[in-house]
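Remarks on the structure that follows.
The values are calculated or read from the model by the stated rules, or taken from the named source; none is laboratory data. Model, not experiment: these values are computed from the prediction. Note that we place each Cβ from the backbone using ideal geometry, even for glycine, and neighbour counts take in every protein chain shown. These accessible areas exclude ligands, DNA and RNA; they are computed on the full protein's heavy atoms, side chains included. Shrake-Rupley method; radii C 1.70, N 1.55, O 1.52, S 1.80 Å.
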Protein chains: 2
Amino acid sequence: MGHPLHLTVPDGLPFIDFEREFDHPVADVFRAHADPALLREWLGPRGTHVEVDSYDFRTGGAYEYHHTGPDGVSYAFRGVLHTVRENELVVQTFEFGGYPDVVELEYLRFEDLGDGRCRLVGHTVHASQEARDGMAGSGMESGLSDGYERLEELLAARVR
Amino acid sequence: MGHPLHLTVPDGLPFIDFEREFDHPVADVFRAHADPALLREWLGPRGTHVEVDSYDFRTGGAYEYHHTGPDGVSYAFRGVLHTVRENELVVQTFEFGGYPDVVELEYLRFEDLGDGRCRLVGHTVHASQEARDGMAGSGMESGLSDGYERLEELLAARVR
């Protein structure tokens with residue numbers, strides 16, 4: 001099982017782009033983002049524990065969660081949801097508490113590929129080239145890759 | 001009266017930066033952004049009429065307003081407020097209804113210069129170079145310049 005994560009860090013522009021396919025219906029992948037009880041089961045690198053502190057997943061809503069790693073250290077994240085369109089599009093902000101006021105804008109498109117398959121297409125937009133480079137060097141790629149593998153495992157387990 | 005707006009559109013990066021000083025206390029300039037009854041008096045180009053449809057000016061809040069020009073045509077705008085720190089910082093999203101899903105991130109810093117003066121420092125972050133170029137070419141500079149002159153007039157009138 002498992003599709004790879006494709007992540008690109010373009011030269012000279014403060015963006016990160018990624019794509020990931022799933023052999024699961026777009027509605028299931030969207031719901032795993034929308035429902036905090038599911039989100040906490042897959043978000044982030046393996047070995048981290050996620051607590052969702054608040055989650056109002058709608059246009060105009062907001063969220064807060066924190067990861068705790070195997071070493072017991074916690075990392076807090078929060079943002080606001082500019083657009084939530086079911087099974088289609090999320091546009092949200094994202095801030096890591098360790099870098100206060102370094103805010104990014106994230107686009108996440110959910111594409112229905114038919115036959116019970118879908119593709120997630122992400123585009124992150126950073127307020128400076130330095131902020132983008134910091135995010136790209138932070139383990140984002142392995143965190144996303146792990147997270148989407150865990151998401152796939154979660155959906156596969158629910159189908160069985 | 002009147003300080004100029006300094007606006008820069010950097011080559012090759014999807015940002016717009018601007019600065020504007022005011023001979024008014026930072027708390028007054030901040031309040032003119034925070035209070036929709038004041039905001040509608042100055043926001044946007046001269047000759048436009050602003051209606052604030054919703055305005056929840058706090059971290060995690062959201063806003064909607066629309067401009068109506070002298071020709072009777074209305075333009076709707078909305079966004080969410082990632083950070084609102086009184087007299088200091090606003091980080092928010094911004095979307096013009098005419099270009100749905102073209103969302104930008106805006107930083108607005110309020111700097112106290114002492115002696116009842118302050119400086120606004122803005123930094124807008126766009127999801128593509130094309131979106132940035134579109135915004136820069138949309139009359140944003142004259143709209144901001146007009147708006148800040150109107151803001152200055154509003155504050156001067158209230159002092160008298």
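Things to note:
- Evaluated over the Cα positions of the protein assembly as shown, the convex hull gives a direction-averaged projected area, one quarter of its surface, of 18.1 nm².
- Segment A:121-160 and segment B:113-145 have Cα centres spaced 31 Å apart.
- Placing a label point 7 Å from Cα along the Cα-to-Cβ direction at A:THR59 gives distances to the equivalent points in the other copies of 2.6 nm, listed shortest first.
- Summing charges over neighbours of A:VAL102, with a neighbour being any other residue whose Cβ is under 13 Å away from its Cβ, gives -3 when K and R count +1 and D and E count -1.
- Taking chain B and dividing mean pair separation by its residue count, relative contact order in percent (alpha carbons under 8 Å, at least six apart): 27
- The Cα center of segment B:31-77 and the Cα center of segment A:27-45 differ in position by 36 Å.
- Tail weight of P(r) past 22 Å, computed on alpha-carbon pairs of chain B, percent: 40
- Three-way shape label, segment B:27-104, alpha-carbon gyration tensor, a/c 1.5: oblate
- Estimated from helical segments only, the mean residue ellipticity of chain A at 222 nm is -8500 deg cm²/dmol, where each DSSP H run of four or more residues counts as -39500 (n - 2.57).
- Most mobile of A:ASP146, A:ASP101, A:ASP56 in a GNM of chain A (Cα contacts under 10 Å): A:ASP101
- Accessible area of A:ASP35 in the full protein assembly, 1.4 Å probe (Å², nearest 10): 50
- Using the Cβ-Cβ distance between A:HIS49 and A:GLU111 with R0 = 35 Å, the FRET efficiency computed as 1/(1 + (r/R0)^6) comes to roughly 0.70.
- Whole-percent carbon and sulfur share, accessible surface of segment A:6-159, 1.4 Å: 50
- Comparing A:PRO14, A:PRO70, A:PRO25 in a Gaussian network model of chain A (Cα springs below 10 Å), the most mobile by mean-square fluctuation is A:PRO70.
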